[in-house]
Each structure stands twice: as structure tokens, then as C-alpha cells.
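Novice: Sharing a structure, written as C-alpha cells. Questions coming.
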Amino acid sequence: TMADESKKGDAEQEDVSTSIMDKKRAPNRLIVDEAASGNDDNSVVAMHNDRMTELGLFRGDTVLLKGKRGKETVCLVLADDTVDAGSIRMNKCVRKNLRVRLSDLVTVNPCPDLPY
């Protein structure tokens, strides 16, 4: 019975060690993806519809994007179901402003009261 208990302990330990990798990312942390060829607007990002709903965003809302080294920029968000749910599409200019590259993580926050 002692051997059985030690095996059980090992299995438990294994679950804990892999649980860190399974940890769900915050819903507003998205992976940067290349903008669709037709959409090369410098002030627009594209997200999946479900993710926009989850974050309480609507088409045309303004969002504050945070990149590396505290860099921030504001963009309009558009729904695009061809985008992966964990990704956000933006063009090269926006990526440069945020100092991020493709497949980096950016934080998306609603930015509702922005004067035009």
C-alpha cells in the first residue's frame, strides 16, 4: 500500500507542475497578428467577435493598447471572425508605435470617454 500512495503522490505532483502551463491568460491579453491586406488603416485593429463581446466592446469603439516598455496607443476596434480568438490584428505602423512584433502580447483596455 505504501508503493500505491507514493505513485499517487507523484501523479499529484505532476498535475501541479503542468497546471502553470495550462493557466488561462487574461482575456484582454492578445497575441499580435498581421493586419489583413485590405485593412491597412493606421488607427484600426481587428478582433474576433466573441472576444469583443467578452471585453464588452462594440464595432468602432476606441481601445487603449499597451505594448512593451509602457508604450500605449489608441485605436478603433473592428469585428473580424477570420481573426483567431486569442489574437488581435494590427498593421505595421501600430505595431511600431507599441514597440511590439508579430506574436508578442498586447493588453487591450476599453477607452470610452475619448474626445474626438
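The values are calculated or read from the model by the stated rules, or taken from the named source; none is laboratory data. Only a predicted model underlies this, so the values are computations on that prediction, with no experimental measurement involved. Ideal geometry is used to build each Cβ from the backbone, glycine not excepted, and the neighbour counts take in all protein chains shown. SASA here: full protein model, heavy atoms, side chains in, ligands and nucleic acids out. Shrake-Rupley method; radii C 1.70, N 1.55, O 1.52, S 1.80 Å.
Novice: When the stretch 65-116 is examined, which residues are found to be without any contact (Cβ under 8 Å) to a residue 12 or more places away in the chain and either of a type in the set (Asp, Glu) or over 18 Å from residue 41 (Cβ atoms) (or both)?
Specialist: Matches in the stretch 65-116: 70, 113, 115.
Novice: Filter the stretch 85-104 down to the residues that are open to solvent by 40 Å² or more (accessible area, probe 1.4 Å) and not in a loop (DSSP other than H, G, I, E, B) and list them by number.
Specialist: Here is the first cut: in the stretch 85-104, the ones open to solvent by 40 Å² or more (accessible area, probe 1.4 Å) are 85, 89, 92-93, 96-97, 99, 101-103.
89, 92, 93, 96, 97, listed by residue number.
Novice: Separate question: Kindly provide the set of residues from the stretch 35-73 that are surrounded by 17 or more Cβ atoms within 10 Å (Cβ to Cβ) and either among the small types (Gly, Ala, Ser) or in a strand (DSSP E or B) (or both), ordered by number.
Specialist: Hits for the stretch 35-73 are 35, 44, 45, 46, 47, 63, 65, 66, 67, 73.
Novice: Test residue 107 against the stated conditions and say whether it is open to solvent by less than 50 Å² (accessible area, probe 1.4 Å) and not in a loop (DSSP other than H, G, I, E, B). Explain how you work it out, then say what you get.
Specialist: On the way: open to solvent by less than 50 Å² (accessible area, probe 1.4 Å): yes; not in a loop (DSSP other than H, G, I, E, B): yes.
Criteria met by residue 107.
Novice: Then there is this: Taking residue 76, is it in contact with a strand residue (DSSP E or B) (Cβ under 6 Å, 6 or more places away or on another chain) and either modelled with pLDDT under 90 or surrounded by 13 or more Cβ atoms within 10 Å (Cβ to Cβ) (or both)? Steps first, answer last, please.
Specialist: Working: in contact with a strand residue (DSSP E or B) (Cβ under 6 Å, 6 or more places away or on another chain): yes; either modelled with pLDDT under 90 or surrounded by 13 or more Cβ atoms within 10 Å (Cβ to Cβ) (or both): yes.
When the stated conditions are applied, residue 76 passes them.
Novice: Has the stretch 88-95 got any residue that is closer than 19 Å to residue 109 by Cα, at pLDDT 90 or above and of a type in the set (S, T, N, Q)?
Specialist: Within the stretch 88-95 (the criterion being closer than 19 Å to residue 109 by Cα, at pLDDT 90 or above and of a type in the set (S, T, N, Q)), the answer is yes, since at least one residue qualifies.
Novice: Can you say whether residue 28 is within 17 Å of residue 109 (Cβ to Cβ), surrounded by 12 or more Cβ atoms within 10 Å (Cβ to Cβ) and at pLDDT 70 or above, as far as the supplied structure shows?
Specialist: Details: within 17 Å of residue 109 (Cβ to Cβ): yes; surrounded by 12 or more Cβ atoms within 10 Å (Cβ to Cβ): yes; at pLDDT 70 or above: yes.
Spelling it out, residue 28 is indeed within 17 Å of residue 109 (Cβ to Cβ), surrounded by 12 or more Cβ atoms within 10 Å (Cβ to Cβ) and at pLDDT 70 or above.
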